[in-house]
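One structure is given here, and the rest of the page talks about it.
The values are calculated or read from the model by the stated rules, or taken from the named source; none is laboratory data. The model shown is predicted, which means the values in this text are computed figures rather than measured ones. Positions of Cβ are backbone-derived with ideal geometry, glycine not excepted, and every protein chain shown enters the neighbour counts. Accessible surface areas use protein heavy atoms only, side chains included; no ligands, DNA or RNA. Shrake-Rupley method; radii C 1.70, N 1.55, O 1.52, S 1.80 Å.
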Protein chains: 4
Amino acid sequence: MSHNSFGHMFRVTTWGESHGPALGCTVDGAPSGLPLAEAELQHWLDRRRPGTSRYTTQRREPDRVEILSGVFEGVTTGTPIQLMIRNTDQRSKDYSEIAQKFRPGHADYTYWMKYGIRDYRGGGRSSARETAARVAAGGVARKVIEALAPGCTVTGAMVQMGPHGIDRTAWDWDEIERNPFWTPDPKAATDWAGYLDGLRKAGSSVGAVVEVVGRGVPAGLGAPVYGKLDGDLAAAMMSINAVKGVEIGDGFAAAALTGEENADEIFMGNDGPRFGANHAGGVLGGISSGQDVVVRFAVKPTSSILTPRRTVDLEGRETEIVTKGRHDPCVGIRAVPVGEAMMACVLADHLLRHRGQQGANRGSIGKGGEP
Amino acid sequence: MSHNSFGHMFRVTTWGESHGPALGCTVDGAPSGLPLAEAELQHWLDRRRPGTSRYTTQRREPDRVEILSGVFEGVTTGTPIQLMIRNTDQRSKDYSEIAQKFRPGHADYTYWMKYGIRDYRGGGRSSARETAARVAAGGVARKVIEALAPGCTVTGAMVQMGPHGIDRTAWDWDEIERNPFWTPDPKAATDWAGYLDGLRKAGSSVGAVVEVVGRGVPAGLGAPVYGKLDGDLAAAMMSINAVKGVEIGDGFAAAALTGEENADEIFMGNDGPRFGANHAGGVLGGISSGQDVVVRFAVKPTSSILTPRRTVDLEGRETEIVTKGRHDPCVGIRAVPVGEAMMACVLADHLLRHRGQQGANRGSIGKGGEP
Amino acid sequence: MSHNSFGHMFRVTTWGESHGPALGCTVDGAPSGLPLAEAELQHWLDRRRPGTSRYTTQRREPDRVEILSGVFEGVTTGTPIQLMIRNTDQRSKDYSEIAQKFRPGHADYTYWMKYGIRDYRGGGRSSARETAARVAAGGVARKVIEALAPGCTVTGAMVQMGPHGIDRTAWDWDEIERNPFWTPDPKAATDWAGYLDGLRKAGSSVGAVVEVVGRGVPAGLGAPVYGKLDGDLAAAMMSINAVKGVEIGDGFAAAALTGEENADEIFMGNDGPRFGANHAGGVLGGISSGQDVVVRFAVKPTSSILTPRRTVDLEGRETEIVTKGRHDPCVGIRAVPVGEAMMACVLADHLLRHRGQQGANRGSIGKGGEP
Amino acid sequence: MSHNSFGHMFRVTTWGESHGPALGCTVDGAPSGLPLAEAELQHWLDRRRPGTSRYTTQRREPDRVEILSGVFEGVTTGTPIQLMIRNTDQRSKDYSEIAQKFRPGHADYTYWMKYGIRDYRGGGRSSARETAARVAAGGVARKVIEALAPGCTVTGAMVQMGPHGIDRTAWDWDEIERNPFWTPDPKAATDWAGYLDGLRKAGSSVGAVVEVVGRGVPAGLGAPVYGKLDGDLAAAMMSINAVKGVEIGDGFAAAALTGEENADEIFMGNDGPRFGANHAGGVLGGISSGQDVVVRFAVKPTSSILTPRRTVDLEGRETEIVTKGRHDPCVGIRAVPVGEAMMACVLADHLLRHRGQQGANRGSIGKGGEP
């Protein structure tokens, strides 16, 4: 019951605080024999790294990942992989105000109520810096996916910033890497740039919706009834800082549909069954169907804003607070690579589980009905 | 890594299929010394029981729960509590069509792809009948909550049926028990009755949104970063049949807000800090704040409808299917007591975890700032 | 963290008390597609059943096992298998003495200190009746082993009763099924009969040592460093009632050896490497080597004897107690099938884990050294 | 299902190889508010450190522990504690022989068969260097014990070297810290010195038996039936390198006793019940009784000896091997602090579990019998 671990066969335990000497994670369960280099993990970390555009926090962290164990001569050995990232830009500043007051919307209050102590420097353990370790773990997960489900990919995209959604008919996968918002809609990228500049200058912040899509996910991942693939994805995404909602496929929109509208009819294609639609988001009864696995999550606006907010201090006196630190006007942006990493970890975990439990007994269709 | 268990300190393992001889659950971790009678559990099961109104499946199941272990002379002993419910109305019918074809939107297809075998009678393990066991477990969870957090209650309500939401200003907690939809809005209850009658007669179905509220939840439940209270609630709700989305507090609506709008300011009340709003839904940084814990989940329309849908059979031939069995036109109705049970189980689990790990070190406010 | 579960991929949760209406277990994780009938499980239960000779308790229990879920048309479906055994001979007797006093060597005292309540009828949850559920689970485990490691067998034997060991040079596997002590040494069987008759008539009891051997266990099961095969076997055996010690291979005798004596040299046989000895008991570095897996465990004498022993009562008064119930003069006898069941469950669990994690990457020897 | 973690509420995950850049562990679950300094952990590490006498390996490692997270201003915060120890003396040597051959009695063979790759430098992950991380974690565990069970101590001692046992009537707790063998018998310390010098010079090795005693352990730790305190201790000790047997209390000797001899009678002392003997080793029915918790484990002789042994190479050719590296003639010596650390971790875990689950409902004796 580690509160800082997730996954079963592919198990990740993260550690570290925003302003401690380092942070990192232990990845336990990666099969032996996978080539793994620091540079490969660095690629994913660089996507999440702060300070890459004017739309993310100006904290300067190289986020260099070191592999301390589990890899021998460039190949995984099946033993735990320790990944460490040193913190370098823990700017010396005056934390006395934050140490005494509770920032509304932050975890300051609840950490204090739970633990009676908190590392207030940059949010301590509740800081989104912890997600750097997840992204590193996600890099290992992608290697597992590559080995066990070749062709399977995981891609995240921002599909809504504040009240502004994208035009889904303009979806362009290649566009995602071309703009600082990871959005697939070029027009949205342009519009959002102006919108976010305004918010940033005003010292304000805004929420977002991120969509992560797993393509090429084999059918059969997930298990009833509390090891469902969508249940694990929901827990994984909800564990990301500032996430307040998760949905699969049509999600909340499915509530407004009739059974006729919601049915994903099945047809026979050249390579086996194919579906006429994907309202289900690739998961039926908690098990992947072979369609794209589609997850969306809502990120609330960061609570660190320049407008004073009412709060109380440790002595119980009412007061005001303004959060002046380096912050993200839209934390949803940097949540994109984190959401990808979480889906990659969940898929790697379920691929390993599936191989263990059910691999020999899969069903098939159109071959006499025998497994 | 049991796929059929949830919780850590309060751990529930369910078993059983729709048309097997019985179903039930093992509840492990309930403290000793709690009075527990079958009648108390029966109260909650009767709320979920099929056939109580014309808006739910006409399958007739008394859903009588038997306590087979863990209770001695009316009191829990700290050993595992086995709860069993016999199936009685497994109507003998012709399942040959379902056995050969895959019902779109059902788990038929994915179970087959995963296991190469499926109990097609009534959906087998993927049937919502499994949730009867959860509701029984939820009854035990409520006893734990009563002992550890007196005054804490868990109440579910339907807040949207199909496209029709409720008027939240008309919210009346007492109304919930007075209508067959568990809705707090009397006008919605009347409107929905007519709407659902139409769908039912047409052999159609519709989705819904259910809200579950924990009132009186103590501050400090949940732990960073993968044992978050909201993460566990998300997994719990997503594990309920037909659920496609989960949100906490403002949820997806938070994506459209600015930081100023989203901040729950803190003031000093007579009994300690109080919040000016509850956008966060009672959870900050994964830990309860002492405010109401508010969770909503979206239920898709049941896929069992009378309109023929295109599908394939085991031989890979394209065909059509109509599902004629006894089904719920809006499964969201019976999901209300299930959602309550899941929140009760999660809270019981976290109350026990919290007592174990952090109980001695809670912080306080306004008493000199010392824990 | 269920205290009543063991295993990960093959996960067993037992429930029930000595004098409750029933006891049983949930087996979660058995792959789909295995033929499974009640009669097959009954075979193993009959070996552990009380009252089969004058050397075991005279409680009369048919120990009929019912499969309540997880099997469809005689084949496992991959969903949880619920096995239930009804208690029938809960003789109505006067438990008032036991209810008030603590029997030395029993769990009476510690259950009371932990839970503040105990089901004193026949020991409640601490009774060895709980092991009936394990034996049923072991029957399922054997089916998993049969499917994943054909030819692998698990056999238990009593190798010491009280101070009397066996002549290991006389070991005859077939003899084990021919005497009431499951001993492989015919002479010991004869000697022990007279010895135990004497103890039984005197109302006394005696300890024993049981050896369980897994033959045909594939190399590669177990994982460093806390998921070691021998670590899991040690926990499994120590969890059996009255067990006070566990050893692998030479066990405690290895402490007296030099490195030269203890080395199991390796040679090349026709089918690959073979070992010159098996001091290690088939496990090196926590991973199976392909040799016989040899585990021994020590069972203390049952504490239920006719000679009065000094104790205290609930009021804290010093007193004496005599335990008059139906008891086993040598509980080690009935521990033999239980030990077998535990090893079968551990092996099934590790076979499934291994398939999941490392199956594709095993090494080989003498084929160019490449995996 | 992390193979590199142990414990539930107090959860330790170790990582690292003998010749990697570093090794360490994540300690998750330590309550907040405990003072914790590197120097305190260093104290325990120094006891296990290699090269402290001529009886342990001559590898020179300072084993300096760094706290990388979870501690703020000298106090635990309730977040994961990362402890790192850099490897410094990974002597550059020629590993080509070991890389090609399998050392009898080592994990070389089984790692290869499982993973198809192994880090052969110094044994990689199978090296006893991993236990440095356990000892660091044990230091944190002792702080938890100190807070939750003041006065509870954990002490290890060597009670047998090779065939030479100690005189238990000469047991002197203070003597343990005075000799290089951690033995409580001064005469044994002298005798063993000569004996081990002989073996060391001959390039041989020998086994040992270590006893670990928990004094002041509160009654009520452990839970039926697979979360037993003795079951967890057995798994913990068996997970230590080279351990082949574990026993509690009288252990294997109990097999030779009658029920009369084995009974620990109960009397009423000034402070409550007291026992007339401790055959049970402080555990009844898997739950601590309040007596000393006594665990012994057998350590086999290290397989690294100068006498050539027969083996095979990767190509399947028969050959011989001599292990020339720096090794411990009696690894049992350095297993003493490791055994202590494992018991400390198990007790810390169970203290936290107990507080969570049953703390409010403990029974008492002599106060009217009410909890």
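Just a few scattered comments:
- Peptides ranked, highest mean first, by Cβ atoms within 10 Å: ranges A:182-192, D:299-309: D:299-309, A:182-192
- If the Kirkwood radius is taken over C-alpha pairs of the range C:168-234, then at 20 °C and 1.002 mPa s the Stokes-Einstein diffusion coefficient equals 144 µm²/s.
- By the helix-only formula, in which each DSSP H run with n ≥ 4 contributes -39500 (n - 2.57) and the sum is divided by residues, the protein assembly as shown has a 222 nm mean residue ellipticity of -8000 deg cm²/dmol.
- Accessible area expressed per residue, the range B:180-229, with surrounding protein chains retained (probe 1.4 Å, Å²): 26 Å²
- Rg/Rh (Cα only; Kirkwood hydrodynamic radius) as it applies to the range C:130-210: 1.07
- Other copies of A:Asp89: label-to-label distances in nm, shortest first, labels 7 Å along the beta-carbon direction: 4.2, 6.5, 7.7
- Take the convex hull of the alpha carbons in the protein assembly as shown; its mean projected area over all directions comes to 49.6 nm².
- For A:62-73, mean number of other protein chain Cβ atoms within 10 Å: 4
- Mean shadow area of the range D:37-126 over all directions, Cα convex hull, nm²: 8.2 nm²
- At 7 Å out from Cα toward Cβ: B:Glu73 inter-copy label distances (nm, ascending): 5.1, 5.2, 6.9
- Accessible area buried, both sides summed, chains D and A with 1.4 Å probe, Å²: 3200 Å²
- Highest-fluctuation residue, B:Gly285, B:Gly138, B:Gly16 considered, GNM on chain B with Cα pairs under 10 Å: B:Gly285
- Using a Gaussian network model of chain A in which every pair of alpha carbons under 10 angstrom is joined by a spring, one finds that among A:Gly151, A:Gly290, A:Gly220 the greatest mean-square fluctuation is at A:Gly151.
- FRET efficiency for the C:Glu38 to D:His43 pair, using the beta carbon distance and R₀ = 35 Å, is estimated at 0.05.
- Cross-link partners of A:Lys300 among lysines (Cα-Cα below 30 Å; sequence separation of 8 or more within a chain): A:Lys93, A:Lys101, A:Lys114, A:Lys187, A:Lys201, A:Lys228, A:Lys244, A:Lys324, B:Lys228, B:Lys244, B:Lys300
- Both the radius of gyration and Dmax for the range D:259-310 are 19.3, 63 Å, in that order, over alpha-carbon atoms.
- Cα radius of gyration and Dmax for the range B:156-302 (Å): 16.9, 56
- Across chain D, the longest piece that holds none of the GluC sites (Glu not before Pro) lying in DSSP loops with up to 15 other C-beta atoms within 10 Å covers D:74-314.
- In Å, descending, principal axis extents of the Cα set of chain C: 73, 50, 38
- Residue separation of A:Thr52 and A:Arg64 scaled by 0.36 nm, minus their Cα-Cα distance, works out to 2.9 nm of gained length.
- Cα centroid of the range A:184-242 to Cα centroid of the range C:154-213, whole Å: 65 Å
- Sorted shortest first, the separations between the C:Pro35 label point and its copies elsewhere in the assembly read 4.7, 5.4, 6.9 nm; each point sits 7 Å from Cα along the Cα-to-Cβ line.
- Applying 1/(1 + (r/R0)^6) with R0 = 25 Å to the Cβ-Cβ distance of A:Asp292 and B:Arg310 gives a FRET efficiency near 0.80.
- 20 Å reach of a label modelled at D:Asp89, 7 Å along Cα-to-Cβ, counting backbone N of the range D:314-343: D:323-338
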